[in-house]
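**Q** I have a structure I would like to understand better, so I am pasting it below and will then ask my questions one at a time.
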Amino acid sequence: MGHSDNHPLAIHMLQNYIRVAWRNLTRNRTFSLINIFGLAIGLAVCMLITLFVMDELSYDQHNEHAAEIYRVNTEIHVNNSDFNDRSSPAQLSSVLVKDFPLVERTVRVTGSGNMLIKAGDQTFTETNAYRADSSLFDVFTLPMIAGDPKKSLSQPNTIVVSETIAKKYFGSTDVIGKTILADNVHSCKITGVIKDPVPQSHIKFHVISSLAGDEDAKSDFWLNNNYTTYILVKPGTTHEMVNGFVKQAAKKYAEPQLLNLFQSSFADLEKRGDWFRYKTVPLTSIHLHSTLSNEFEPGGNIQYIYIFIVIAVFIMVIACVNFMNLSTARSAGRSREVGVRKVMGSNRGQLVGQFLTESVVTSFLSLLLALILATMLLPLLNSISGKQITLYDYSTPWLPVALVAITFIVGLMAGTYPALFLSSFMPVQVLKGKLSTGLKGGWLRNSLVVFQFVAAIILIMGTLVIYSQLNYIRSKNLGYDREQVLVVKNAYSLGSHAATFKTEALQIPGITAGSRLSSLPTSNYSEGNRNAYSKSKTMSAEQTLTIADWAVDADYIPAMGMQIVAGRNFVPDRISDSNAMVINETAARVLGFKDPLTASLYDMAQNTKIVNSYNIIGIVKDFNAGSLRYDVAPVIMRLSKWGDRFAFRVKSSDIAAVVKQVEQKYLSMPGMAGQAFIYSFMDDDFNHLYKVEQQTGKIFISFAFFAILIACLGLFGLVSYATEQRTREIGIRKVLGAGIPNIIRLLSFDFVKLVLVATIVALPLGWIIMNLWLRDFAFRTNLSWWIFAIPALIALLLTLVTTSQQAIRAALINPVKSLKSE
């Protein structure tokens, strides 16, 4: 009976707590809004960071057998030259299944990702198009809408497309049996339609043509790496075991060929500190952990994930510190209310309940506002990051629970201290005004303010360093001129008319130079096309290096704005130049010839003993190929008429008109009517190399802004409170002759001291963190003095502006009113 009586009483008491809490919130609107808004921003930003991090960590997890899938990478280090790639030999795939029972299935994928597709009168270049074995659907989870996954790629000239591609060309997914022309050469029958690839995939399959019948796919030459091989192993097979299988296969099949061609075994290489090996990488590690420069998609970076997690913690702690600081500061001003309540019969438990209820109600109002803010900010995050994140993701069902739990805990933490502290006062002391108030002596609160500004200063430093590094990348002399260079793709589509197109395009006003080529310094082809060259005809391993091998024409070097520093460039139609080479300065240094211009290099025709000889005729000044994360690679250029692209240097005030004329010339070539004209500009391709850094920089800057905003809100609240607490003191000082500068100095001094302490702590910490980030770049900006000075000045300036604004308000109040207020 007693229990049922207590139940309505408890509900009544809770209702009373909430009613009083709401009254206090509305009575102190400024403090309430600062408190609620500050915590809401912190919660909202933490939500967004959590969703971003979860999206990055979820890459390739959608595959049913994700934990059992590995990719084979090739790692070659010979005579200080390196070749690291996501490729492997054609026969590795079948050998692994045949020789190792724990390997369930394998699949090979090849292609640059670009494929010219023609269906009816529509022609486009598809950017996620690959060739693969029929076992693709056994390894990867690619749900099929139409067709038989076991048979769809089993025959030559068959192709599988995504639902987007099917609708793009045919208006529906009912396309089985229809034909499309691939690369203007292969007429392929559509045998399957798959669902669109999940965005969180390191390789996105939209077009997949069959490798069946491909002669190169049957090659048994193990020293050529043209395929990306994925392995599906049986559950329980460890990563070490998979590496063991690949090592045994290499020992059995690749080593005899290495011994035959280069007179060296794996052991001989290892004795000299060199290696030739295949290593596997778990599928789910590729996106965040791969350091290869030629991944299918621009990868993420696990370091950035750690950085964002730290930022999320920083922002959440800053927001919570604000909330607790303002709650405790404000509650100290309610000491008389506590005294009256005690005199009227309230016990300590009831007072604790009241304060905790107020704090929890405030924190849950913050949560509601945070959800609104996160919903509003999410499109901005998606725009910056290029993602498709949704707020209520099925993959993070724990997030709402975690948010409610964090909000409740923050509310309890913020309310516990004032509740216990104030409820312990003796009512007589409180009513006599003997309770000391103010900020002095609040070492915990001061420590928390220092922490806030340490975090804010480090975040500002991080923002400046990222900006400085990206600016350094944009302004660095790369050894070539990427500005206003039009790159026209699909040169092969022109067939025998390619030379005519180039000649006629060069006659267009505004085009000053042009070249047909296969490799550009703004792409990662320097990693993809590497060949073994020897300094001796014997092709011994001791004299052999792996070097980037670029096919160019005689106009390439001047068209790219590169500089010959020794020897000469190629001469068109000079027969002897068909076996000539131009090398870069790094290649000359690595090769170690006394006089490179009198030396020759040698390579061997595939799987034969026929040795080809090449004369070095020139040395080009070093240029940065690919990302500035990597050192300048040794590069060899050889004369070729068969590049897959053209590059035209444009000098015109109306670039669009020049591009239009080039397009018209391209489409006017015989057989090109109705074809797609695909082009880009070199500076855009260059920017794409730093897509991850640019996105990360923008996200970092956005989050840093919110961290600073929260810290300033907290500071504004504390200064407002300090001003309120010292109203009488300010009035007395004014009566005694103090001016506005004196009042500003009085209120600013304590806070400026805290910011100076924060600066002393933050600057060395920031220096260490920024150096760790810059270490990833082979070419990097210097940490100039202004990177340290600006954050400190911003923090100090924000403190002075905030305190001065409140101080001026207090100083302008009539001292009579100030003295009456207490």
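**Q** Run down the lysines and flag those whose C-alpha is under 18 Å from the C-alpha of LYS753, throwing out any fewer than 8 positions away in its chain.
**A** Within reach: LYS440.
**Q** Considering only DSSP beta bridges where both residues belong to the chain, give the percentage that are antiparallel (nearest 5).
**A** Working: 75 of 94 bridges.
The answer is about 80 percent antiparallel.
**Q** Still on this model: Whole-Å semi-axes of the range 160-240's equivalent ellipsoid, largest first, each the root of 5 times a Cα gyration tensor eigenvalue?
**A** Values for the range 160-240, descending: 29, 21, 11 Å.
**Q** Taking 56 Å as R0, compute the FRET efficiency from the Cβ-Cβ separation of SER576 and ARG27 and round it to 0.05.
**A** So the FRET efficiency works out to roughly 0.05.
**Q** Once the cut-off is 13 Å, how many percent of the Cα-Cα pairs in the range 460-514 end up in the long-distance tail? All intermediate terms of the calculation are to be shown ahead of the outcome.
**A** Values: 1085 of 1485 pairs.
Roughly 73 percent, rounded to a whole number.
**Q** Now for a different question. Per DSSP H run of at least 4 residues, take -39500 (n - 2.57); add these up for the chain, divide by its residues and hand me the 222 nm value, nearest 500 deg cm²/dmol.
**A** Here the helix-only value at 222 nm equals -16000 deg cm²/dmol.
**Q** A follow-up question, please. Quick query: amide H of ASN114 versus all other amide H atoms, modeled in the peptide plane; which residues come in under 5 Å with a sequence gap of 5 or more or a different chain?
**A** HN-HN under 5 Å from ASN114: ALA129.
**Q** Counting Lys and Arg as +1 and Asp and Glu as -1, each charge on the Cβ, what is the dipole of the range 192-337 about the Cα centre in debye, to the nearest 20?
**A** Computed charge dipole of the range 192-337: roughly 760 debye.
**Q** Using 0.36 nm per residue, how much length does the chain from HIS239 to ASN80 gain when fully extended, once their Cα-Cα distance is taken away?
**A** Here the answer is 54.4 nm.
**Q** Ok, one more. In terms of Cα to Cα distance under 19 Å, which aspartates and glutamates are near enough to LYS476, apart from those fewer than 8 places away along the same chain?
**A** Here the aspartates and glutamates satisfying the reach criterion relative to LYS476 are GLU585, ASP622, ASP631, ASP683, ASP684, ASP685, GLU693, ASP776.
**Q** No solvent, one uniform scatterer per C-alpha: report log10 I(q)/I(0) for the range 163-208 via the Debye equation at q = 0.21 1/Å, two decimals.
**A** One equal scatterer on each Cα of the range 163-208 leads to -0.76.
**Q** Name the long-range amide H neighbours of ARG568: under 5 Å, sequence gap of 5 or more, or other chain; modelled H, no Pro or chain starts.
**A** Answer set, sorted by chain and number: GLY618, ILE619.
**Q** Run the dipole for the range 90-161 about the Cα centre, Lys and Arg Cβ at +1, Asp and Glu Cβ at -1, nothing else charged, and hand back the magnitude in debye, nearest 20. Show your work: numbers first, answer last.
**A** Values: 7 positive and 7 negative charges, 22 e Å.
Roughly 100 debye for the range 90-161.
**Q** Evaluate 2.2 N^0.38 Å with N set to the residue count of the range 62-164, then give the Cα radius of gyration divided by it.
**A** Its radius of gyration relative to the 2.2 N^0.38 Å reference: 1.29.
**Q** Taking amide H positions as placed 1.01 Å from N in the peptide plane, with prolines and chain starts having none, which residues 5 or more places from SER201, or on another chain, fall under 5 Å of its amide H?
**A** ASP60
**Q** Using the Kirkwood radius built from alpha carbon pairs, what does the Stokes-Einstein equation give as D for the range 671-767 at 20 °C and 1.002 mPa s, in µm² per second?
**A** 113
**Q** Could you point to the residue in ASN73, ALA212, ALA795 farthest towards the positive end of the chain's charge dipole, with +1 and -1 charges on the Cβ of Lys/Arg and Asp/Glu respectively?
**A** Checked the options; the winner is ALA795.
**Q** Using the Kirkwood radius built from alpha carbon pairs, what does the Stokes-Einstein equation give as D for the range 25-77 at 4 °C and 1.567 mPa s, in µm² per second? Can you show the working numbers first?
**A** Details: Rh = 15.4 Å.
Calculated translational D: 84 µm²/s.
**Q** I've got another one for you. Taking the solvent-accessible surface of protein heavy atoms with a 1.4 Å probe, what is the per residue accessible area of the chain in Å²?
**A** 45
**Q** Can you work out ³J(HN,Hα) from phi for every residue in the range 373-380, in order, using Karplus 6.51 cos²θ - 1.76 cosθ + 1.60 and θ = phi - 60°, giving whole Hz and x for Gly and Pro?
**A** Working through the residues one at a time gives 4, 4, 4, 6, 8, 4, x, 5 Hz.
**Q** Let me test this: with uniform point scatterers at the alpha carbons of the range 555-699, what is the Debye-based log₁₀ I(q)/I(0) at q = 0.11, 0.14, 0.20, 0.21 1/Å?
**A** -0.63, -0.94, -1.25, -1.29
**Q** Treating only the Cβ atoms of Lys and Arg (+1) and Asp and Glu (-1) as charged, compute the dipole magnitude of the chain about its Cα centre; round to the nearest 20 debye.
**A** Charge dipole of the chain: 3620 debye, to the nearest 20.
**Q** If you don't mind, there's one more thing I want to ask. With θ set to phi - 60°, apply the Karplus curve 6.51 cos²θ - 1.76 cosθ + 1.60 along the range 255-265 and write out the HN-Hα couplings as whole Hz, x wherever there is a Gly or Pro.
**A** 4, x, 5, 4, 5, 5, 8, 10, 6, 9, 9
**Q** Return one number: the angle in degrees, 0 to 90 and rounded to the nearest 10, between the long axis of the Cα atoms of helix 655-667 and the longest principal axis of the Cα atoms of the chain.
**A** Approximately 40 degrees, to the nearest ten.
**Q** Moving to a separate point now. List the lysines whose Cα sits under 17 Å from the Cα of LYS734, skipping any in the same chain fewer than 8 residues away.
**A** In chain and number order, the partners are LYS817, LYS820.
**Q** Still on this structure, I have one more. Give LYS178/LYS660; LYS218/LYS247; LYS279/LYS594; LYS218/LYS502; LYS204/LYS387; LYS178/LYS204 a once-over and call out the pairs whose C-alpha atoms are over 25 Å from each other.
**A** Long pairs (Cα-Cα over 25 Å): LYS178/LYS660; LYS279/LYS594; LYS218/LYS502.
**Q** Right, next: Largest first, please: the extent of the C-alpha atoms of the range 160-307 along each principal axis, to the nearest Å.
**A** 61, 47, 31
**Q** To one decimal place, what Kirkwood hydrodynamic radius in Å is obtained for the range 626-694 from all pairs of distinct Cα atoms?
**A** 15.4
**Q** Which of the chymotrypsin sites (Phe, Trp or Tyr not before Pro) across the range 37-110 are loop residues per DSSP, with 10 or fewer other Cβ within 10 Å?
**A** none
**Q** I would also like to ask the following. Binning at 10 angstrom from zero up to the longest distance, how are the C-alpha pair distances of the chain distributed in percent?
**A** 2, 11, 16, 19, 17, 12, 9, 8, 5, 2, 0
**Q** In whole percent, and with a 1.4 Å probe on the protein chains, what portion of the accessible area of the range 77-154 is carbon and sulfur? Walk me through the numbers on the way to the answer.
**A** On the way: 1480 of 3090 Å².
It is 48 percent, rounded to a whole number.
**Q** Provide the per-residue ³J(HN,Hα) series for the range 457-470, in order, calculated from phi with Karplus coefficients 6.51, -1.76, 1.60 and θ = phi - 60°, each as a whole number of Hz, with x at glycine and proline positions.
**A** These are the phi-based 3J(HN,Hα) values: 5, 4, 5, 5, 4, x, 4, 5, 5, 4, 4, 5, 5, 5 Hz.
The values are calculated or read from the model by the stated rules, or taken from the named source; none is laboratory data. Just so we're clear, the structure is a prediction, and the values are computed from it rather than from any experiment. Note that we place each Cβ from the backbone using ideal geometry, even for glycine, and neighbour counts take in every protein chain shown. For accessibility, only protein heavy atoms count, side chains too; no ligands or nucleic acids. Shrake-Rupley method; radii C 1.70, N 1.55, O 1.52, S 1.80 Å.
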